[in-house]
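Engineer: Take a look at the following structure, please.
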Amino acid sequence: MKSTKPLDERVAEKQARLEEMLKKARQYEAQLKQLEARQKDEERKRRTHRLIEIGAAIESITEAPIEGESLSRLIKYLQKLEEKDNHFTKYIGVYQETEQDPSIQDNYHIGTEI
């Protein structure tokens, strides 16, 4: 079916439609950027919270703040555990599994000294 509108009017309509679609595309891009920024912010907050919990857990054991040279020694100690057959990572991984299924604890002696 042929259009009865003049060609220049059809071109103008298509141009207006294109501009409208481009405007919507820019809006979607802006919304996507906002969502990505919010997601990044939430991930940063979760990481910060996790790091605070780790520090608090360590300080609860030592009953003293870990600062300066003490922090360096702790990092070196944990690195040595890692070098020794990924001992620290394996222990943490098993511990995380046991939080979901406590029956695993008996197999790995969770809570005993290393």
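Please treat every number below as a calculation from the coordinates, not as lab data. Remember, it's a predicted structure, so these values are computed and weren't measured experimentally. Every residue, glycine among them, receives a Cβ derived from its backbone with ideal geometry; neighbour counts consider all protein chains shown.
Engineer: In nm, give the distance between the simple-model label positions of ARG26 and HIS49, each being 7 Å from the Cα along the Cα-to-Cβ direction.
Structural biologist: Using points 7 Å along Cα→Cβ, the separation is 3.7 nm.
Engineer: Run the simple label-point estimate for ASN86 and ALA37 please: 7 Å along Cα→C-beta, distance reported in nm.
Structural biologist: Result for the modelled spin labels: 3.9 nm.
Engineer: Each label point is 7 Å from the Cα along the Cα-to-Cβ direction; what then is the distance between the points at VAL11 and ILE75, in nm?
Structural biologist: Output for this residue pair reads 6.7 nm.
Engineer: In whole Hz and in residue order, list the ³J(HN,Hα) couplings for the range 9-20 that follow from phi through the Karplus curve 6.51 cos²θ - 1.76 cosθ + 1.60, θ = phi - 60°; x for Gly and Pro.
Structural biologist: For the range 9-20, the Karplus curve yields 5, 5, 4, 4, 5, 5, 5, 5, 5, 4, 4, 5 Hz.
Engineer: Under a cut-off of 23 Å between alpha-carbon atoms, report the lysines in cross-link reach of LYS33, not counting same-chain residues fewer than 8 places apart.
Structural biologist: Partners found: LYS23, LYS24, LYS45.
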